[in-house]
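**Student:** Just passing along the structure, written as structure tokens.
Readers should treat all values here as calculations from the given coordinates under stated rules, not as data from a laboratory. Bear in mind the structure is a predicted one, so any value in this text is a computation, not a measurement. Backbone-built Cβ (ideal geometry, glycine too); neighbour counts: all protein chains shown.
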Amino acid sequence: MRLLIVFLLLLFVLLGAAFGALNGGLVHYDLLVFQTDLPKGVALLLALAVGWLLGGLTAWIGLGLRQRRLARAQRSADTSGNGSA
């Protein structure tokens, strides 16, 4: 199993290197505050990383809000349950 994982990892590394080599052209970005030229592969990896981080942050915040709501409902149930006993 470990050999299969190493093989797949090497395959994706080689595919990523080939993708980067075939897309070596520069992309110009003007972000009002600064301007930059990045290779297409780097721009794609940056977009992927930013999307991954924003998705993780969104999931983390959503989970925190859900846990807070569940805790509030539990406290409410405990309070109403103790008063009627």
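**Student:** Once you charge only the Cβ atoms, +1 for Lys and Arg and -1 for Asp and Glu, what is the size of the charge dipole of the chain about its Cα centre, to the nearest 20 debye?
**Tutor:** Once rounded to the nearest 20, the dipole reads 500 debye.
**Student:** Quick one: helix 40-83 against the long Cα principal axis of the chain, what's the angle to the nearest 10°, folded into 0 to 90?
**Tutor:** 0 degrees
**Student:** Note the angle between two axes, namely the Cα long axis of helix 2-22 and the longest principal axis of the Cα atoms of the chain, as a number of degrees from 0 to 90, rounded to the nearest 10.
**Tutor:** 60 degrees
**Student:** Return a whole-number percent for the relative contact order of the chain, with Cα pairs under 8 Å and 6 or more residues apart as the contact set.
**Tutor:** 15 percent
**Student:** In bins 5 Å wide, starting from 0, what share of all Cα pairs of the chain does each bin hold, as a percent?
**Tutor:** Using 5 Å bins, I get a P(r) of 3, 11, 9, 11, 11, 10, 10, 8, 7, 6, 5, 4, 4, 2, 0 for the chain.
**Student:** Which far-off residues, 5 or more places away or on another chain, put their amide H under 5 Å from the one on residue 27, with H placed in the peptide plane?
**Tutor:** For residue 27, the qualifying residues are 38, 40.
**Student:** Let me ask you something else. Of 61, 24, 1, whose Cα points farthest to the positive end of the dipole of the chain (charges on the beta-carbon: +1 Lys, Arg; -1 Asp, Glu; origin at the Cα centre)?
**Tutor:** Of the listed residues, the answer is 61.
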